[in-house]
Amino acid sequence: MSTELKKAIDQISKDKGLDRSMLIATLEAAVEASVQRKYGEGLDIEVSFDEESGDINVFQFKIVVEDPADEDTQISLAEAQKNDPSVQLDDEVGLRLRVEDLGRIAAQSAKQVIIQRMRKAEQEIIYKEYKDRKNEIVSGSILRRDKAGWIVNLGRTEALLPKEEQIPREHYKRGERLQALIVDVRGPSGDGAGAEKGGEAMRQPREWHGPQIIISRAHRDYMAALFKREVPEVDDGTVQIMGVARNPGSRAKVAVMSRDRDVDPVGACVGVRGSRIQNIVQELRGERIDIVVWHHDIATYAGNALAPAVISRIIIDEDENKLEVIVPDDQLINAIGRRGQNVTLAAKLLSWKITVYTESRYNEANLIGQWMENMATVAGVPLENFLDAGFRNLDDILRATDEELGAVQGVNATSVADIRYAANFVLQSSESRKEEGGAPRPEEEAQ
C-alpha cells in the first residue's frame with residue numbers, strides 16, 4: 001500500500017505538472033481531517049508522510065497528568081510510561097495511531113478530500129498559465145455545444161467560445177480544429193475582470209468549474225493578432241496596426257502605418273502575390289479585408305478609409321467629431337458600399353461620424369440653405385431662431401400656420417406675410433423644386 005501511494009504521488013506530479021511537496025501536504029491534510037472526523041475535532045493531531053517508505057504516520061499528542069479528566073487531551077503517568085519509562089508529569093507525549101483503524105468511510109473521505117484539493121491545485125496552475133495569455137491565439141478542437149456557446153478543448157483545459165464571439169454563419173462540428181483569441185481568463189473562484197460585450201458580462205456554462213477561458217473569433221483584436229502572426233514587420237513593430245473595424249465574416253478594415261520609410265505598410269501586409277493576406281482571409285473563411293494607410297490628418301485618413309471611392313472634398317466638424325464627405329455622383333455606391341458596409345466600417349475605424357453626399361445633393365442642400373438665409377433676411381430675424389423653432393427647409397415654412405411662424409422669436413404679423421411672399425417667390429423661381437419635393441438629404445450617415 002505504501003509503495004502504491006508513493007508511486008501514485010510521483011505519477012500525478014508528473015502527469016498533472018503539480019508540485020510533489022504540495023501533493024504530500026494535501027495528503028497529510030486529508031488524513032488529518034479524516035482522523036478529526038472519526039475521533040473528534042478537539043484532538044491534537046500531527047500527520048506526516050515518510051517519503052522513504054511511503055508510510056503515513058499519525059500521532060496524537062496528550063499531556064501527562066496524575067488523574068486524566070479528558071481522555072482526548074490527557075493521559076495518566078502510568079499509561080504514558082508503558083511506552084516511554086522516562087516520561088514525567090506535564091510532559092507532552094505523541095501516541096501513534098493506526099491509519100488502518102480509520103475505517104472504510106474515513107478512508108473514502110480522505111480520498112475525496114485529496115481528489116478535490118488536487119483538482120483545485122491543478123486549476124490554479126492552469127489559471128496561472130493562462131492569465132497572462134490574453135490576446136494570444138490558441139488552437140483547440142470542438143468538444144460539445146453548451147447554452148452559452150461551444151466548449152473547446154485546449155489540451156490541459158477547456159475554453160468557451162460564446163455565441164456572440166462566433167463569426168456569423170460559421171458552423172462547427174465536434175472534433176473540428178479551430179483557432180481563436182483568448183479575450184478573458186477567470187480564476188477558479190471567478191477572479192478576473194470578465195470580458196464584456198454590450199455592457200453585460202459574458203455568460204458561463206452553469207456546470208463549469210475551475211478556470212474560465214473565454215475565446216473569440218469575432219473580436220477585432222483577433223484580426224490584429226493574425227496580422228502579427230503572419231506579417232513579420234507587424235510582429236517586430238516596423239509596421240504598426242493603428243485600428244481595426246470588423247463586420248465579422250463579411251468585411252473588415254485595418255489601418256496600418258510604417259515606422260520605416262523604406263517599408264510599404266500595405267505591401268508588407270499583403271505579401272508577395274497576396275500570400276500573407278490570403279492566409280488571414282482563409283483563416284477567417286473568406287472575410288474581405290481592406291488595408292488602409294493611417295494618416296495623422298483626419299481628412300486624408302478618411303479618404304483612405306473610404307477607398308475605393310473617389311472623394312471630392314471633406315468638411316470637418318471637430319467639435320462634434322463629424323465629417324461631411326462629398327463624392328462625385330457616380331461614386332456614391334463605392335463610398336457607401338454594399339448594405340452601407342464601407343462607410344460604416346470607415347466610421348468605426350476613425351471613431352468619427354461620417355455623412356456622405358453626392359456633389360449634386362450637396363449643392364442643392366447649400367442652395368436651400370441660402371434660401372433659408374434669404375427668408376431670415378426678409379423677416380429681419382436671425383436664421384438660428386428659425387432653426388431653434390424646428391424649421392429646416394422651405395417645406396417646413398410653407399406648411400406652417402401663421403401661429404407657428406409667429407411663434408418664432410423675433411417674428412411678428414407683418415414679417416409672417418413677408419416670409420410667405422418670399423417663400424412662394426423662391427418656389428416659383430426654382431426649376432428643380434418639383435423634382436426635389438423638400439430639402440435634400442444626405443445619401444448615407446454612419447456613426
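A few notes on this one:
- Among VAL231, VAL310, the order by Cβ neighbours within 10 angstrom, fewest to most, reads VAL310, VAL231.
- Based on alpha carbons, the Rg and Dmax found for the stretch 311-368 are 11.4, 32 Å.
- Reference-scaled alpha-carbon Rg (2.2 N^0.38 Å with N residues) for the stretch 116-192: 1.13
- Percent of Cα pairs exceeding the 14 Å cut-off, where the set is the stretch 254-324: 67 percent
- Neighbour counting of Cβ atoms within 10 Å sorts the residues THR300, THR414, THR358, fewest neighbours leading, into THR414, THR300, THR358.
- Straight-line reach from LYS82: taking Cα to Cα under 29 Å and skipping same-chain neighbours fewer than 8 places apart, the lysines in range are LYS38, LYS62.
- Span per principal axis, largest first, for the Cα atoms of the stretch 18-100 (Å): 48, 26, 21
- Too-long pairs where the Cα-Cα distance tops 28 Å, listed order kept, from LYS14/LYS131; LYS163/LYS322; LYS131/LYS322; LYS228/LYS322; LYS228/LYS348: LYS163/LYS322; LYS131/LYS322; LYS228/LYS322
- Footprinting exposure proxy for PHE49, PHE386, PHE425 (fewest neighbouring C-beta atoms within 10 Å first): PHE425, PHE49, PHE386
- Convex hull volume per residue in cubic angstrom - Cα atoms of the stretch 222-356: 113 Å³
- Think of the stretch 222-356 as having a plus end and a minus end, set by charges on the Cβ of Lys, Arg, Asp and Glu; of VAL281, PRO308, VAL244, VAL281 sits farthest toward the positive end of this dipole.
- Near LEU95, the amide H atoms lying under 5 Å from its own belong to GLN60, PHE61, LYS62; only residues 5 or more places off or on other chains count, and H is placed 1.01 Å from N.
- Rounded to whole Hz, the Karplus (6.51, -1.76, 1.60) HN-Hα couplings of the stretch 299-309, x for glycine and proline: 5, 5, 4, 5, x, 5, 5, 8, 4, x, 5
FYI, it's all coordinate maths here, none of it is from the lab. Predicted model only: the values in this text are computed from it and were never measured. Neighbour counts run over all protein chains shown; Cβ positions are idealised from the backbone, glycine included.
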